[in-house]
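Asks: Submitted below is the structure of interest, expressed as structure tokens.
Derivation of every value follows stated rules applied to the coordinates shown; laboratory data play no part. As the structure is a computational prediction, the values presented were derived from the model and not from experiment. Cβ: placed from backbone, ideal geometry, glycine included. Neighbour counts: every protein chain shown.
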Amino acid sequence: MTGALAPTLKLRRGARIPLLGLGTWPLDDAQTAAAVITAVDAGYRLFDTAENYRNERGVGEGIRRSGIERGEVFLTTKFNKEWHSRDGAKRAFEKSARRLGVDYIDLLLLHWPNPEQDRYVDAVAGLADLFADGRLRAIGTSNFKAHHLQRLIDAGLVPDLNQIQLDPRHARSEVRAVHRQHGIVTESWSPLGQGSGLLESGPIAGLAAKYGRAPAQIVLRWHVQQGLVAIPKSATPERIHQNISIFDFELDDDDMAQLRGLDAGEDGVADSDRFGH
Ligand code: A2P
């Protein structure tokens with residue numbers, strides 16, 4: 001039986017993105033296709049991949065084998081620094097679209113800013129061209145800090161969305177303030193804190209017991225309740241179902257305040273001024 005769909009958010013260029021989707025790193029093509037098929041059945045309509053994950057073909061295959069219509073799903077992929085130019089963004093699009101087996105992509109992201117190259121503004125201009133040509137429904141960035149976004153804003157190239165590492169221990173308030181100011185949607189990668197012990201921590205366990213939910217459901221509810229798009233990765237059918245079954249309960253103000261206390265600032269966040277590919 002098909003699960004209930006996640007609510008959607010409207011992006012600044014008009015597309016609607018589901019609040020909850022499937023992350024796919026580090027699954028290979030075969031594992032990705034299997035996870036996508038399970039996820040479509042569970043109600044997922046948002047799928048996140050990247051050139052760098054080497055599993056775009058698996059996403060495309062999973063979508064086709066699931067039998068769902070192309071227009072019913074929202075596909076996100078990302079490209080590497082070698083494509084950081086206006087024309088390079090177009091070539092990156094062509095390659096990803098071919099691997100996915102689609103003729104348009106819902107959301108294409110620069111995977112990292114790679115400021116040492118200083119070409120991300122040009123690459124986003126290339127995304128804007130692709131949007132104007134109808135090849136993309138939305139344009140975006142990943143791992144951009146406030147000062148990277150400011151360069152885009154100054155150039156009149158405000159992205160629809162910025163995908164960043166974000167979980168209750170890394171709440172990322174500085175960059176989210178810039179997002180809020182400019183109508184940029186925040187998407188959380190590693191929303192479950194990826195093996196950091198977050199799911200086993202006291203406050204999460206306490207709320208899981210209070211609501212009779214799994215720890216991962218408490219954390220994902222924390223994301224979506226703030227309007228953060230979350231893309232938890234799982235290859236386990238039971239967890240794939242569990243992670244989207246969060247739209248039938250609500251954390252209260254005290255719960256949210258308790259979770260705010262877990263924020264450790266930028267400690268443990270990958271530094272995109274130093275790292276990128
Ligand atoms: P698995 O793929 O074996 O289910 P993130 O998306 O934050 O990077 O987290 C991904 C990690 O969290 C993976 O190791 C994944 O393992 C695990 N995970 C995903 N969903 C759940 C869940 N509902 N409960 C516990 N662990 C989960």
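Asks: If each DSSP helix of 4+ residues adds -39,500 (n - 2.57) and the sum is divided by the residues in the chain, what number results at 222 nm, nearest 500 deg cm²/dmol?
Replies: Details: 10 runs with 109 residues, N = 277.
Helix-only estimate at 222 nm: -12000 deg cm²/dmol.
Asks: Taking the radius of gyration and the Kirkwood hydrodynamic radius from Cα positions alone, what is the Rg/Rh ratio for the chain, to two decimal places? Let's see the in-between values first.
Replies: Working: Rg = 17.8 Å, Rh = 18.8 Å.
Reported Rg/Rh (Cα atoms, Kirkwood Rh): 0.95.
Asks: Related question: State, as an integer percentage, the relative contact order of the chain based on alpha-carbon contacts under 8 Å between residues 6 or more apart. Could the numbers behind the result be given before it?
Replies: Details: 548 pairs, mean separation 54.6, N = 277.
It comes to 20 percent, rounded to a whole number.
Asks: Moving on. By average Cβ neighbour count within 10 Å, what is the ranking of 159-169, 116-126, 260-270 from highest down?
Replies: Numbers: 159-169: 24.3, 116-126: 18.2, 260-270: 13.0.
Listed from highest to lowest mean packing, they are 159-169, 116-126, 260-270.
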